[in-house]
1. Assuming 0.36 nm per residue, please report the length gained on full extension of the stretch His242 to Glu184 beyond their Cα-Cα distance.
2. If I histogram all Cα-Cα distances within the stretch 125-194 using bins 10 Å wide from 0, what percent of pairs lands in each bin?
3. Determine the principal axes of the Cα atoms in the stretch 143-247, then give the extent along each, sorted from largest to smallest and rounded to whole angstroms.
4. Provide the convex hull volume over Cα atoms per residue for the stretch 49-172, in Å³.
5. Just rank Ile245, Ile221, fewest to most, by other beta-carbon atoms within 10 angstrom.
6. Rounded to the nearest 500 deg cm²/dmol, what is the calculated helix-only ellipticity per residue at 222 nm for the chain, with -39500 (n - 2.57) per DSSP H run of length n ≥ 4?
7. Indicate the gyration tensor shape class of the stretch 74-260 (rounded, prolate or oblate), computed on the Cα atoms with a ≥ b ≥ c the square roots of the eigenvalues: a/c under 1.5 is rounded; otherwise a/b larger than b/c is prolate and the rest oblate.
8. Using the Cα gyration tensor of the stretch 227-275, with a ≥ b ≥ c the square roots of its eigenvalues, what is the shape: rounded (a/c below 1.5), prolate (a/b larger than b/c) or oblate (neither)?
Amino acid sequence: MNKQILNKEVQDYIKKHVNDDVHRIAMAKSPFRDVEAKDLANQIAARNKAAKKLPSWYKQDFIYYPALLSIEQCSSETTAAYKAGLARGNRLIDLTGGFGVDSLYFAKRIEQVTHCEINASLSEIAAHNASILQQKNMRFLAVDGIAFLKESNEYFDTIYIDPARRSDTGKVFMLKDCSPNVVEHLDLMLDKADRILIKTAPLLDLTAGLKELKNVSEIHIVSVKNECKELIWIIEKEPAAHLKIVAVTLNQSVKQFSFFKDEVEEEVHFIQGMPVGYLYEPDTALLKSGAFNRIASRYNLEKLDHNTQLYTSPVTIAEFPGRIFKINRIISTGDLKKEKNLIGNVIVRSYPDKAETLVKKYKIKADNLKFLIFTQVKNMGNLVIEAEIVQHY
């Protein structure tokens with residue numbers, strides 16, 4: 001951490017050149033003797049990255065930003081605030097503190113928070129920013145979190161850990177292949193705390209994760225604007241009798257869809273005839289949960305087809321977590337060739353052609369609010385639903 005970056009004239013320069021080409025700044029000569037051009041460029045790029053993701057940091061003067069990768073990999077304030085509500089007790093330790101976003105939000109709800117970060121410079125940066133943001137109930141240790149846990153006699157109410165993937169090979173990864181290895185150290189963590197929160201990438205398969213872990217009481221699937229951001233695994237010293245799955249969407253409002261994994265699913269109702277009224281497309285968090293039949297029964301919807309995760313209802317259900325479309329008309333595949341001036345964003349669900357192929361084939365013009373949904377309907381075959389969106393998230 002180069003503290004010269006915090007000098008007022010350097011900070012003024014960063015603000016003044018916030019919209020400039022960072023590559024040009026990095027290649028030019030620095031106007032400051034003790035601050036390199038590449039560091040100025042990084043501060044500007046990282047600050048811009050934080051504008052939407054970390055607005056509290058962005059709005060605050062004299063924030064010190066780490067390498068751009070740390071900003072890209074850290075939690076957003078939106079997801080950090082949600083995770084803070086899952087912590088319990090008065091004492092929490094973050095074993096992989098990083099830039100400190102999650103730790104700071106835990107500190108807003110927990111009496112004492114310990115932030116562990118093996119990178120001494122990043123630990124110093126996180127401590128500085130917490131001070132600037134006036135969060136005073138945090139302790140910063142430049143140590144390996146797992147090593148500290150092994151050597152310390154301290155007991156915590158909650159342990160939080162965000163293991164990094166060591167390999168990007170394949171779409172499915174194992175927790176044992178992450179660093180730190182939470183599977184190897186799970187007994188240690190259970191000896192040191194009542195509750196453990198493990199954050200993983202959304203790519204992790206739920207069944208695969210459950211095979212590696214024990215004492216899992218809840219899995220939270222967190223989505224923002226229909227993009228699955230992370231999975232939060234809650235592990236208790238005394239596990240719950242039933243595993244709870246929670247799909248949560250964090251948008252203008254927070255919507256949750258929860259169920260117990262061992263619940264008996266109700267039989268899904270399939271549409272009889274043409275869909276009318278409104279079409280429902282579940283948020284990615286719901287789809288990740290695998291609750292395809294429960295979605296229909298919970299919201300009193302009819303499913304279009306076995307393999308199509310689309311649903312319909314004659315009325316709008318605003319609490320539904322996902323997109324809602326108003327159906328304007330149904331076009332048969334036989335009538336498609338007769339259609340002129342087709343307009344709408346193309347969505348393909350269980351249809352034999354790709355979206356880009358259909359756009360080109362039928363000369364479809366894009367539109368922000370209108371949609372053409374190419375799909376399959378039970379007993380009706382392939383159809384095109386012309387609709388307009390009434391709820392984005």
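1. Working: separation 58, 0.36 × 58 = 20.88 nm, distance 2.41 nm.
Value of the extension gain: 18.5 nm.
2. 16, 38, 32, 14, 0
3. 42, 33, 26 Å, listed from the longest principal axis down.
4. In the stretch 49-172, the Cα convex hull volume per residue is 120 Å³.
5. On the way: Ile245 20, Ile221 25.
So the ranking, lowest neighbour count to highest, is Ile245, Ile221.
6. Numbers: 14 runs with 114 residues, N = 393.
Helix contribution divided over all residues of the chain: -8000 deg cm²/dmol.
7. Numbers: a/c = 1.41, a/b = 1.22, b/c = 1.16.
Here the stretch 74-260 falls in the rounded category.
8. Oblate shape, in that a/c is at least 1.5 and b/c is the bigger or equal ratio.
Bear in mind these aren't lab numbers, they're just calculated from the coordinates by the rules spelled out. If you're wondering where the values come from, they're calculated on a predicted model, not measured in any experiment. Note: ideal-geometry Cβ built from the backbone for every residue, glycine included; neighbour counts use all protein chains shown.
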